[in-house]
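First the structure, in the form of C-alpha cells, and then the observations on it.
What follows draws every value from the coordinates through simple rules; no lab data is involved. As the structure is a computational prediction, the values presented were derived from the model and not from experiment. Quick reminder, even Gly has a Cβ in these numbers, built from the backbone with ideal geometry, and neighbours come from all protein chains shown.
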Amino acid sequence: MRGGGRLSLFAFALLAGGQSARAGDIALGEYLSSACVTCHQKSGQVTGGVPAIVGWPADQFVAVMNSYKNRERDNEVMRTQAASLSADDIAALAAYFGSLKPAK
Amino acid sequence: MIVSRRSLLRSGSAAAGVFALGAPAILGQAKQRVVVIGGGPGGATAARYLAKDSEGKLDVVLVEPKKQFTTCFHSNLYVGDFKKFEEITHGYEKIAAQGVRMNHQMANSIDRDKKEVVLADGSRLSYDRLVVSPGIDLKYDSVPGWGREHEETMPHAWQAGDQTKLLKAKLDAVPDGGVIVMIAPPNPYRCPPGPYERVSMMAHVLKAKGRKNAKIVVIDPKEAFSKQGVFQEGWEKHYPGMIEWMGPKTHDGLKSVDPKTNTVETGFETYKNAALVNVIPAQMAGKIARDAQLVNQSGFCPILPESMKSALDPNIYVLGDACIAGDMPKSGFSANSQAKVAAMMIRGELLGARTFPARYTNTCWSLIETDDVIKVGGAYEAKDGAIKASSTFVSQAKESAELRKQNTQENIGWYAGIVADMFG
C-alpha cells in the first residue's frame, strides 16, 4: 500500500465513521502501545521509515494490523508483532492510538 | 508594616504548608519511593514510565553517575562514519522535567534487608521497590594476556563512551595492508549481532578510505552467530576478501594476546603487529547486582518472566543485560521492553493500578553497508517459567536491495523512537 492509497483509505474510513468498530479497552491499549512506541513515536513525529500511527480511525487501524497478522502486508517486524495480538488486543490498540492527536 | 502582594502570597502558602503538615491523613500518605539504578535503556525507560504513569503518586529516583548517556546501540554507526558521536549521546533533562528525580552519582551497594541503596557519597536512599538495571561488566580475566590495564591498547568498546572513540581513532589509523583482529565474545553477551555489525562498519571505513589491502580477522569462540548467513552474504557482496571469520574449530582456540606487540595467537596462527586488536571479552551482570547476590551461578540475574521481578528478592526488579531474559537477547530494545512491564507491575503493587499479562518485544537492526540493513526480532511472553518467543523473524539471503533500504529507514526511525521513549 503506497502513500496515496493509504490516504484515500484513510479518507474513506473517516467518511464511513471510524468509530463503528468494536470499542477497544483503552487501558489495555495503552499498555500494549508501549511495545509500539519504541519505534512509532507517541507524539506522531515521523523519523526515517517508521510512520506515525496516532489519530487513525479505528477501522483502518484494525484493518492494517489484520493485514499484517494475515501476512498480506509486507514487513516482518509488523507481522511478528501482529501475530502475537488477539482481536481484542488490536481493538484496544486502535482505541488508544486513535485517541492520540497527530503532530502538527 | 507594608504588606506586599508577594509576601501575602508567601505567607498564604506557608499557612497552607502548616495546615498540610498538621493533617494526619496527608502525613500518613508519604509517597512510596521507587529507586532505579542505572540510566540506560532499562533504567531510563522504567523511571520515565513510572513517573509518567503514576502521575506524581510515586517518588521516582534515577541513580546514574553520568550526565550524558552514549547509547551502545548505533555506536557501530559512529565507528562506521554514519553518525556523529553527539547523535548517539543524550542528556537526562527531559526525564527530570517529567518528574523523575535525577541523582547523578554511583550507587555503591544495595542493603536488601533495610531496603536501602548506598550511594557513593555515603548517603542512603530507602526504597519501596528497587529497579536494578546496571548493564554488563566485562570479565577482564577471560582473554589470556589481556586485562583492564590493556583496554587502551586493545580496546573493547563494548561500553559506549571514550572506548568507542578510541576504537574509532585506531580504526581510522589502520594503514593499507594492515590487519585488524577482533576477539569476539562467548555467549551470553550484550548485543548478539553487535560484533558482526562492527566488523561490517570497520570494513566500510577501510573500503571508503581506499585501504583495499587491509584485512579483518574475527577470532570467535562460538561456532555460529546471530544473522550469520546474511552477514556473511553481505560481506562477500560488499567487502570481498576483506573479512575472515573463524569459529573455534577453524582457528583451534585463542591461545593468548600480547598487548606489547599487538600480537594474537591462536592454535593455528599468530597475527603479529596487528594494526588494531579489538578484544570483546566475556561478560556478566554489573557489579552492584553481583554484590547484592541477585545473580545465580551464571553471573546474571534470574527474574520472574511474568513481571521482571528478581527471583531472589520480591522488592527488586532486574532489567536489561544484567538479567536472564530467556529467549530475549541482551539488547537496548529488550531492556526498554522489559522496563515497561516492570513499571506496570510496580504501579500495580504500590498503587493498585490495573495490570495486564506481560508482553515483550525486540528487534535488532544491523547495518552492513550503506542502505543494506538486516534485522532479527520477535515477540515474547512468559511461558513455563521463562520468557519464551511466541513469534520471530530474521532477514533472509538474496533479499531485494529495496527491502534492505527500507530496513535502513526503519533502523533510523527506530533509533529516534527508542531515544524519545527512553529519555522523553
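Considering each residue of segment B:283-323, count those that are under 23 Å from B:Asn362 (Cα atoms), touching a Ser or Thr at 6+ places or on another chain (Cβ under 9 Å) and of a type in the set (Asp, Glu), and give that number.
1
Can you go through B:Ala389, B:Ala401, B:Ala358, B:Ala335 and tell me which one is closer than 14 Å to B:Pro305 by Cα, out of contact with any helix residue (DSSP H, G or I) (no Cβ under 9 Å at 6 or more places or on another chain) and more than 8 Å from chain A (Cβ to nearest Cβ)?
B:Ala389
I'm trying to understand the selection: among the residues of segment B:299-346, which are assigned to a strand (DSSP E or B) and over 17 Å from the mean Cα position of the chain (by Cα)?
B:Pro302, B:Ile303, B:Leu304, B:Lys309, B:Ser310, B:Ile316 - these are the residues of segment B:299-346 that are assigned to a strand (DSSP E or B) and over 17 Å from the mean Cα position of the chain (by Cα).
More than 18 Å from B:His150 (Cβ to Cβ) and not in a helix (DSSP H, G or I), is that true of B:Asn278?
Criteria not met by B:Asn278.
Need the failing condition index for B:Lys330 against (1) of a type in the set (Lys, Arg); (2) within 14 Å of chain A (Cβ to nearest Cβ); (3) buried (at least 24 other Cβ atoms within 10 Å of the Cβ), just the number.
(2) is the only condition that B:Lys330 fails.
Can you tell me which residue among B:Gly424, B:Gly378 is more than 10 Å from chain A (Cβ to nearest Cβ), touching a residue at least 12 places away in the same chain (Cβ under 8 Å) and under 26 Å from A:Leu28 (Cβ atoms)?
B:Gly424
Taking the options B:Leu138, B:Leu167, B:Leu119, name whichever one is touching a residue at least 60 places away in the same chain (Cβ under 8 Å) and closer than 25 Å to B:Val318 by Cα.
Being touching a residue at least 60 places away in the same chain (Cβ under 8 Å) and closer than 25 Å to B:Val318 by Cα holds for just one of B:Leu138, B:Leu167, B:Leu119, which is B:Leu138.
Please find, among B:Ala389, B:Ala416, B:Ala382, the residue that is part of a strand (DSSP E or B), surrounded by fewer than 21 Cβ atoms within 10 Å (Cβ to Cβ) and within 21 Å of the chain's Cα centre (by Cα).
B:Ala389 is the lone residue from the list that is part of a strand (DSSP E or B), surrounded by fewer than 21 Cβ atoms within 10 Å (Cβ to Cβ) and within 21 Å of the chain's Cα centre (by Cα).
Looking at segment A:54-77, can you tell me whether even one residue there is in contact with a strand residue (DSSP E or B) (Cβ under 7 Å, 6 or more places away or on another chain), farther than 25 Å from B:Ala44 by Cβ and surrounded by 17 or more Cβ atoms within 10 Å (Cβ to Cβ)?
Yes.
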